[in-house]
1. What residues have an amide H closer than 5 Å to that of Y283, excluding those fewer than 5 places away on the same chain, when H is modeled at 1.01 Å from N in the peptide plane?
2. Arranged from highest to lowest average of other beta-carbon atoms within 10 Å per residue, in what order do the peptides 186-196, 57-67, 159-169 appear?
3. By what distance, in whole Å, do the Cα atoms of the range 113-186 stretch along each of the three principal axes, largest value first?
4. Calculate, in nm to one decimal, what H104 and L355 gain on full extension: separation in residues at 0.36 nm each, minus their alpha carbon distance.
5. What order, most packed first, do the peptides 128-141, 461-474, 86-99 have when packing is the mean number of other Cβ atoms within 10 Å of each residue?
6. Based on the Cβ-Cβ distance of H190 and S549, what FRET efficiency does E = 1/(1 + (r/R0)^6) give at R0 = 51 Å, to the nearest 0.05?
7. Per residue, how much accessible area does the range 73-212 have with a 1.4 Å probe, in Å²?
8. Given points 7 Å out from each Cα along the Cα-Cβ axis, report the V114 to N455 separation in nanometres with one decimal.
Amino acid sequence: MDNHYGDFHDHNHKTVFVLDHTPYFGISCENPIEFEFLKARGPGCLPIPPFSKSLWTCSFESALEYCRIVWDLFPINKLIRFVASDHIPHCINEWLPAHQNLGHLTSTMSTIGVPPTVLPSNTKTEFTVLHGMKVALEALNEPTEAQLARIKSDIPGKLINRGRVICITSTRDDESMNRLEEIFLSGLMHQNKVATKSDRLLVIDHCHLVIINTFPANVDSQVSNHTLKSLSPILSTEVHSVKANLIPNKLSALILEHYDLTSTTVTGIPMKEEQNASSSANYDVEIYHHSSAHTAILKSNASDSLAIQTQKENHEYLTVTLKWCTPRGTTGSELHNCTRMHRITPVDVNSRPSLCLINFLLNGRSVMLEMPRKSGGKITSHLLAAHGGEIYIHTLCTARSVLEDPPSISEGCGGRVTDYRITDFGMLMKQNALLPVKSNTSDKIPINEMVSRLNRMTRYWPLTISSTLIFNLKMYIDPLPSIITKETITEEEVNQCKQIIRNLISLENKHESLHPMNTGQRVKGQKRDEQYKTMWNELDILIKNNLHSEQHKTIHKCLLESHAFKDEKVELDEALRELDQIGPSKPDLDAQRASVIRATTDSPMSPPPLSNIASASTSRASGSSSNKNLYDMFLAMNKPKSRPEFAGRMGDGLKAKLYPNLKADRNSKPEGMDVD
């Protein structure tokens, strides 16, 4: 397990929360919360109206959740202090380890109460957050137990005292915010002067000031955000202006940045329903842990890492989605090949899915997490298990273990790939062998020329046999690949490449199949047309990646003129030929063929029926439509119908008589029947 707990030289060793306790923070945040949970109420019972938290409650609860996450993941040496500021500063706790828990914070904060509404009569000081910021700087000057032990030890080197101040307050505009930062900087410089004259205080080497400007949800703030900037060599500041109900979201993004954490969403967790224990539903649980747990999977394959990373809804950070793998009787005591192990903590600690997952793991069970791959398939990448009452995420080794025998060169990396182009790679090494140079008379540096040559020759160089076709057709395309990777090409070589392209065109016109030397997975079972299509596309990619000069461009132009445009013309001629054959010359066979084509192409996005096009194409083939314009062709396609028109549609005012023979049928007597 990586040691992220013993380092007390960074800003995370000391953090001070300065909470504004002035009367303004006693107002509502204007974010109503419904408190009515009953579906039906009896007569005479009034509904409970929604309520809103105050700015003070929003800020304190958010800071408390920040502390919970930090202390869950870093049990030691990540110290946090609280200071509430109104007309005087209120110190909630000290740097002592006994004060670093939520119970002490909540019990001490309850004695302070809600923000005051009036100024006490026995004082003349004003309500301001500056009282608390001054105490925060004094707290950073005080040494912690770990720093005192470091001073008393014989370890060489200077003790670096850094810290962070997170201030949740509210200001009117940017000018007031800038003034607050300047006052804090002057106070920091003053405290350092005091610390240099004291034997028990430490000079603050650097302070990170984070100001969260908050306001009710129905108010527009005049304070602008600004990213981290350096006001002086010992002070860096940043400002975030957020609504009071969104402070938890902002602190969630900040804590990931401050402590180098990341988010993982465990998806597809089967949980039994409370109402019906026989049924289960899938839930998602989000957890926080150190970011190095995902280093291996995020750096292995770019497309796979993008597929598993998604934006957290209503938040500013990304979360990695891993799928729950059904446990098969495994326990946390079993040995697994792990590369890293870190503590985890649930984000929504009070939700039922989080409680179910935590209790499941604390009972001695372990859970495998699967990472889906964009190319298909999945891989077991992580393990959740509890050790000593604390839950950890284990990064599993996805490569071959060092305890196993190394793979042979024919087996490939990890034994998963077995069709590397080993012979071609050997030729590539021989062609680019480095030789010592005694003297260099030219201005060019040999090593730079060699790097440029390797870049040209490997710009398109498939690693495996199954991922390429043209390099398996050397009897057809050689020496085009070796010529096209050169820096300069002669006219003779250009003509040679053009002749190779023409020979390939001739083979395709003769409908001859390609016979690759090494049949890989990609070309196995392919039809002739698919083979040629794959070959032309890959040849185009090879030449386009090597357009070093005008001669190279000439070869590429020859490929486009000889193949791409030819294919389009052939396909168009074949389509017109098929349409011309659908006509009155073969009424039975051609009509049947037309009906089959219509049946296979009719859809909401299909073109008009082929019967109309066939009549126009037939007349064009006979030569009668050579002088017709578009309007004449349209009239020819809409010939009058052979069936007589319905009388009701012949014109205005005409009426069609329905059932004209109805009366005559009633008067006639059926044979063999008497009507009374």
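1. G268, I269, M271
2. Working: 186-196: 15.1, 57-67: 20.3, 159-169: 22.4.
So the order, starting with the most tightly packed, is 159-169, 57-67, 186-196.
3. 53, 31, 20
4. On the way: separation 251, 0.36 × 251 = 90.36 nm, distance 2.38 nm.
This chain segment gains 88.0 nm when fully extended.
5. On the way: 128-141: 21.6, 461-474: 19.4, 86-99: 16.4.
Result, highest mean first: 128-141, 461-474, 86-99.
6. Working: r = 68 Å, r/R0 = 1.34.
The value I calculate is 0.15.
7. 50 Å²
8. For V114 paired with N455, the spin-label model returns 6.9 nm.
The values are calculated or read from the model by the stated rules, or taken from the named source; none is laboratory data. Predicted, not measured: the structure shown is a model, and the values here were computed from it. Quick reminder, even Gly has a Cβ in these numbers, built from the backbone with ideal geometry, and neighbours come from all protein chains shown. All accessible areas refer to the heavy atoms of the entire protein, side chains included, with ligands and DNA or RNA removed. Shrake-Rupley method; radii C 1.70, N 1.55, O 1.52, S 1.80 Å.
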